[in-house]
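In what follows, a structure is listed as structure tokens, so that the remarks can point back to it.
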Amino acid sequence: MPSDRTPGRPGGQPLPPLQAGNPPVDPQVEARQVANRRSEPPQVDPRIEARGHDVRSRRWLRLWITVGVVVALVAAAYGISQSALLDVDEVEVIGASRTGAGKVLEVAAVEPGTPLLGLDLSGPRTAIAALPWVDQVRSSRTWGGRVTFDITEREAVAQIPIDEAWALVDRRGRVLQVDADRGDLPVVLFSPVPEPGKWLREPSLPLLEVSEALIPLGGDGIGLIFLRNNQVIVDLLEAGEVHWGGRDDPFGKAAALATVLAKADLNCLEKVNLSVPELPVLTRHEDCS
């Protein structure tokens, strides 16, 4: 039997009337079309696009020019540093009166023609400082090609007899050199004595301090300086000996000893005690008349 119901939505609701020339639009299709339109790049004016391309080209050109200039400057600087314009022309030695400039130049091994840039002078300074007489060494260089080593040397304060020779020693126990002949310095007895450039053992330091303090006396009346039961003893040439006492005020004690030698009666003198330099104590032999 034919139905008398009008086609439409469920529940009998009628569909909206179709308009002529406007077919129905699927909502999913319409959404995709909108998304596609949004994702499409905006249309750019060809003149603006050409101008942007020109700006980017100029930026790259400036960048490459800068890189080229930097590379050229680095290459030029390296070339100059390796050329004769910046190399060592002269090596100067100052203050090496006991060591000798020739010995300093030999161990420093800085040759003329060596490039100044990159020249490490710490190695030559270390080699020079190992020479026996050298206490301190400073180095400098000028762009004119001069390298200078300025040396401060040690001072000998004592001489120690070894076999048939005499070792000169500074106040810190550095053996400076060995001479065949005896010099004018006070004589210290101590052993063993290592080769020049090496150091005496620490117990020698009190002896060297006393020897340095006695140098102004010029050797007058002074004999050997040695240790006895860890005490410093100074042998007097005419008679007796000096018991030095502690390591305090060595120059004050030396001045007190000089006064005793100059003014005191040394007849039958057994010892002088300088433990208190302001009050030196003189002891005479009991059987001396």
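Bear in mind that the values in this text are calculations on the coordinates, not laboratory data. Source: prediction; values computed, not measured. Every residue, glycine as well, gets a Cβ built from its backbone with ideal geometry; the counts of neighbours run over all protein chains shown.
Tabulated results
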| item | result |
| --- | --- |
| Gain on full stretching of the segment that runs from ASP287 to VAL107 - 0.36 nm per residue minus C-alpha separation | 58.6 nm |
| Fully extended contour minus Cα-Cα distance, from GLU90 to ALA165, at 0.36 nm per residue | 23.2 nm |
| Segment 201-250, Rg to Rh (Cα coordinates; Rh as Kirkwood inverse mean 1/r) | 0.94 |
| FRET efficiency, ALA255 to ASN230 (Cβ-Cβ, R0 25 Å, nearest 0.05) | 0.55 |
| Whichever lysines have a C-alpha closer than 27 Å to that of LYS253, once near sequence neighbours (fewer than 8 apart) are set aside | LYS263, LYS271 |
| Segment 198-233 and segment 131-193: distance between their alpha carbon centers, rounded to Å | 17 |
| ARG141 versus GLU202: modelled label distance in nm, points set 7 Å from Cα along the beta carbon direction | 4.0 |
